[in-house]
Amino acid sequence: MSEQMDSRMLRDAFGAFPTGVVAVAAQVDGKLMGLAASSFTSVSLDPPLVSFSVAKGSTTWPDLRRAEHLGVTVLAEDHGALCRQLAGPAPERFTGVAFEITDSGAVMLAEGIAQYDCSVRDEFEAGDHIIVLLKLHAVVVHSRRQPLIFHRSEFGRLA
Ligand SMILES: Cc1cc2nc3c(=O)[nH]c(=O)nc-3n(C[C@H](O)[C@H](O)[C@H](O)COP(=O)(O)O)c2cc1C
């Protein structure tokens with residue numbers, strides 16, 4: 001860590017950049033698992049690729065990465081509490097949550113503004129995170145719903 005940039009300062013600096021939030025989720029060995037991620041971004045149109053970054057210390061990723069397919073759901077503007085739940089204690093992440101499971105095990109949350117059916121194409125070590133490159137297999141977009149916005153550690157919505 002640079003002497004001029006402690007982790008608090010960096011969190012504040014990174015938090016200045018507004019993002020959406022996705023749920024990355026799958027059923028692995030019959031168990032639902034997933035997490036909230038604000039590091040999601042689109043990468044390539046041809047071939048269709050997206051990415052997100054996961055902390056190396058994630059206790060979920062070592063199992064979640066084994067899923068044949070992963071569901072990525074873009075959270076909607078009223079999903080703030082759901083987002084916190086998906087980042088909270090793992091056994092309760094899906095309690096009371098409406099979702100669908102595809103034949104290949106991707107878990108898509110109902111009421112999201114878009115759902116992407118993905119598989120892990122590559123992983124790149126990047127400091128204390130892993131950049132996960134995902135191949136996109138199918139998409140469903142609900143264009144009339146509005147996204148959840150994450151900015152300066154708070155949830156907001158588009159005006
Ligand atoms: C708004 C929000 C965004 C988050 N984004 C990420 C992210 O991009 N990458 C990540 O590894 N964790 C992110 N987290 C934390 C994870 O959702 C989860 O809490 C963390 O991975 C610890 O759980 P685990 O040990 O089960 O992985 C985010 C949490 C919140 C509330």
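The values are calculated or read from the model by the stated rules, or taken from the named source; none is laboratory data. Predicted, not measured: the structure shown is a model, and the values here were computed from it. With ideal geometry, Cβ positions are generated from the backbone for all residues, glycine too; neighbour counts draw on all protein chains shown. With ligands, DNA and RNA removed, areas are computed over all heavy atoms of the protein, side chains included. Shrake-Rupley method; radii C 1.70, N 1.55, O 1.52, S 1.80 Å.
Residue pairs whose Cβ atoms lie under 9 Å apart, sitting 6 or more positions apart in sequence or on different chains, and linking a residue in the stretch 142-154 that is touching a residue at least 40 places away in the same chain (Cβ under 8 Å) and part of a strand (DSSP E or B) to a partner that is more than 10 Å from the ligand (Cβ to nearest atom) and among the basic types (Lys, Arg), are 147/157; 148/157; 149/157. Residue 28 passes every criterion in (1) more than 9 Å from the ligand (Cβ to nearest atom); (2) β-branched (Val, Ile, Thr); (3) open to solvent by 40 Å² or more (accessible area, probe 1.4 Å); (4) more than 13 Å from the chain's Cα centre (by Cα) apart from (3).
Cβ contacts < 9 Å: first residue touching a residue at least 12 places away in the same chain (Cβ under 8 Å) and over 15 Å from residue 107 (Cα atoms), restricted to the stretch 56-77; second residue surrounded by 15 or more Cβ atoms within 10 Å (Cβ to Cβ) and of a type in the set (Lys, Arg), any location; separation 6+ or different chain. Result? What qualifies is 76/145; 77/145.
Anything in the stretch 38-92 that is open to solvent by less than 60 Å² (accessible area, probe 1.4 Å), away from the ligand (no atom under 11 Å from the Cβ) and among the small types (Gly, Ala, Ser)? List them, or say none. Correct list: 44, 67, 71, 76.
Restricting attention to the stretch 93-138, the residues that are within 17 Å of residue 38 (Cβ to Cβ), surrounded by fewer than 19 Cβ atoms within 10 Å (Cβ to Cβ) and not hydrophobic (A, V, I, L, M, F, W, C) total 3.
For the stretch 65-83, a residue qualifies if it is under 12 Å from the mean Cα position of the chain (by Cα) and either of a type in the set (Gly, Ala, Ser) or more than 22 Å from residue 140 (Cα to Cα) (or both), and exactly one does: 71. Residue check: residue 158 meets all listed conditions (1) open to solvent by 50 Å² or more (accessible area, probe 1.4 Å); (2) at pLDDT 95 or above but one, namely (2).
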